[in-house]
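Colleague: Please read through the structure below; I'll follow up with questions.
The values are calculated or read from the model by the stated rules, or taken from the named source; none is laboratory data. These numbers were taken from a predicted model, which means no experiment stands behind them. Positions of Cβ are generated from backbone atoms using ideal geometry, with glycine treated the same way; all protein chains shown enter the neighbour counts. We work out accessible area using only protein heavy atoms, side chains counted, and drop any ligands, DNA or RNA first. Shrake-Rupley method; radii C 1.70, N 1.55, O 1.52, S 1.80 Å.
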Amino acid sequence: MAIQFTGWKSYASFFSADYCQRFLNNNYKKRNLDNPEQKSYENCYAFLYYLEHGQIYYEQAEKSPLILKPILLFYGFVHLIKACILSIDPNYPESTSVLAHGVSTRKRKKQNYQFFQDEVKFQKNGLFPFISEKLFHMKQLEGDKASMEALLQLIPELDGLFVLNEGKNTFIQIYTHQDHMAIPENILDHYHMTEARFKEFLTSKSSNQIEFLNEGLLFQETPSSYKPCSPIKYNLETDSYVLPLKKDEFFLFPELLIHYLLLYNLSMIARYETEWWSELTKMMPNKDYPFIKSFLDITQQKGPYLIYQYLMNN
């Protein structure tokens with residue numbers, strides 16, 4: 001079900017203007033946009049350069065000390081996101097209002113600041129609300145907030161770290177059983193639902209065409225039914241599908257948006273909270289350090305995967 005991804009090697013075809021032009025032309029035609037051929041010729045180099053610059057940021061982040069990684073990874077991710085936008089919107093950017101970050105964070109960190117309790121606030125204009133609506137057809141509400149803890153709990157690859165640090169899983173693994181996928185039945189206890197109610201709930205919440213069998217929590221799902229707003233997430237490290245154990249307001253959030261919000265806040269901290277950031281990376285005083293370090297290692301690999309997944313499925 002997961003797309004084949006071999007890191008930056010998977011992007012090899014995109015580093016050809018001819019290929020990019022054909023790719024954009026097909027995408028624009030699929031959406032019945034005006035002048036797809038002309039627009040694809042006009043945009044093919046911008047599209048290619050967004051990907052190329054994004055790759056350079058990621059490659060530099062891999063070689064850089066931890067204190068610089070959030071800044072390089074955030075701007076690398078932003079470049080890759082802009083390639084996604086251009087792949088479906090030939091007129092991007094139409095106004096300067098979409099160029100701001102689209103989220104804000106507390107300007108001054110309080111005494112005894114803890115990253116887990118920090119929040120980002122959604123803005124009316126800027127890249128975050130724009131990509132939410134443009135890429136995922138989700139309307140974000142101005143003034144809504146997301147805590148770092150809530151966002152970290154939605155990164156599948158951090159599940160093991162939550163078990164070690166807090167003694168709790170954040171995800172449950174979905175297993176392959178013959179030609180079907182099987183959800184362990186103890187998910188019903190976490191969701192406080194009967195089997196019938198859970199099947200109805202997951203089918204309605206998932207954009208994927210999930211078809212449950214009559215008996216048990218076995219279902220079929222086709223690769224062509226990929227939708228990023230499904231509660232079913234992919235763990236890149238274990239090559240497995242998982243379900244979050246917590247049903248909160250971010251239950252259906254695409255992982256691409258979660259990585260954007262976490263990287264935004266970490267990049268702001270790395271730039272403007274020099275004393276706290278330096279102490280964290282040198283003293284490692286609490287659980288903030290292992291979670292931040294692990295997330296940065298994860299997003300180094302998962303960010304390009306999420307972008308590639310979007311490009312190949314839209």
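Colleague: Restricting to the range 5-32, name every residue that is free of Cβ contacts under 8 Å to residues at least 24 places away in the same chain and buried (at least 18 other Cβ atoms within 10 Å of the Cβ).
Modeller: Q21, N25
Colleague: In the range 161-181, what residues are more than 24 Å from the chain's Cα centre (by Cα) and either surrounded by 16 or more Cβ atoms within 10 Å (Cβ to Cβ) or under 18 Å from F116 (Cα atoms) (or both)?
Modeller: Residues satisfying the conditions are G167, H180.
Colleague: Here's a follow-up. Quick check: is even one residue across the range 218-228 under 24 Å from F115 (Cα atoms) and open to solvent by less than 10 Å² (accessible area, probe 1.4 Å)? It would help to see each step written out before you state the result.
Modeller: Restricting attention to the range 218-228, the residues satisfying the condition of being under 24 Å from F115 (Cα atoms) are none.
For the range 218-228, residues under 24 Å from F115 (Cα atoms) and open to solvent by less than 10 Å² (accessible area, probe 1.4 Å): absent.
Colleague: Given the residues K121, K134, which is the only one that is of a type in the set (K, R), part of a helix (DSSP H, G or I) and either farther than 28 Å from Y308 by Cβ or open to solvent by 20 Å² or more (accessible area, probe 1.4 Å) (or both)? Write out each step before concluding.
Modeller: Values: K121 fails: part of a helix (DSSP H, G or I).
Result of the check over K121, K134: K134.
Colleague: For the range 57-66, which positions are surrounded by 18 or more Cβ atoms within 10 Å (Cβ to Cβ) and closer than 25 Å to F23 by Cβ?
Modeller: Result: Y57, Y58.
Colleague: Restricting attention to the range 67-99, and to residues there that are in a helix (DSSP H, G or I), among the hydroxyl-bearing types (S, T, Y) and in contact with a helix residue (DSSP H, G or I) (Cβ under 6 Å, 6 or more places away or on another chain), which single residue is least open to solvent (accessible area, probe 1.4 Å)?
Modeller: The extreme case among them is S87.
Colleague: Out of curiosity, is E215 among the acidic types (D, E) and surrounded by 16 or more Cβ atoms within 10 Å (Cβ to Cβ)?
Modeller: No; evaluated as a whole, the condition is false for this residue.
Colleague: Within the range 141-159, does at least one residue satisfy the condition of being among the acidic types (D, E) and either free of Cβ contacts under 8 Å to residues at least 12 places away in the same chain or touching a Leu at 6+ places or on another chain (Cβ under 8 Å) (or both)? Lay out the reasoning, then the answer.
Modeller: Taking the range 141-159 and keeping what is among the acidic types (D, E), we get 142, 144, 149, 157, 159.
Of the ones still in play, those that are also either free of Cβ contacts under 8 Å to residues at least 12 places away in the same chain or touching a Leu at 6+ places or on another chain (Cβ under 8 Å) (or both) are 157.
Checked against the condition, which is being among the acidic types (D, E) and either free of Cβ contacts under 8 Å to residues at least 12 places away in the same chain or touching a Leu at 6+ places or on another chain (Cβ under 8 Å) (or both), the range 141-159 yields at least one hit.
Colleague: Can you tell me which residues in the range 139-192 are modelled with pLDDT under 90 and within 30 Å of Q123 (Cα to Cα)?
Modeller: Answer for the range 139-192, where residues must be modelled with pLDDT under 90 and within 30 Å of Q123 (Cα to Cα): K139, Q140, L141, E142, G143.
Colleague: When you go through G54, G102 one by one, which is the residue that is open to solvent by less than 20 Å² (accessible area, probe 1.4 Å), in contact with a helix residue (DSSP H, G or I) (Cβ under 9 Å, 6 or more places away or on another chain) and modelled with pLDDT under 95? Step through it out loud before you land on a result.
Modeller: On the way: G54 fails: modelled with pLDDT under 95.
G102 is the lone residue from the list that is open to solvent by less than 20 Å² (accessible area, probe 1.4 Å), in contact with a helix residue (DSSP H, G or I) (Cβ under 9 Å, 6 or more places away or on another chain) and modelled with pLDDT under 95.
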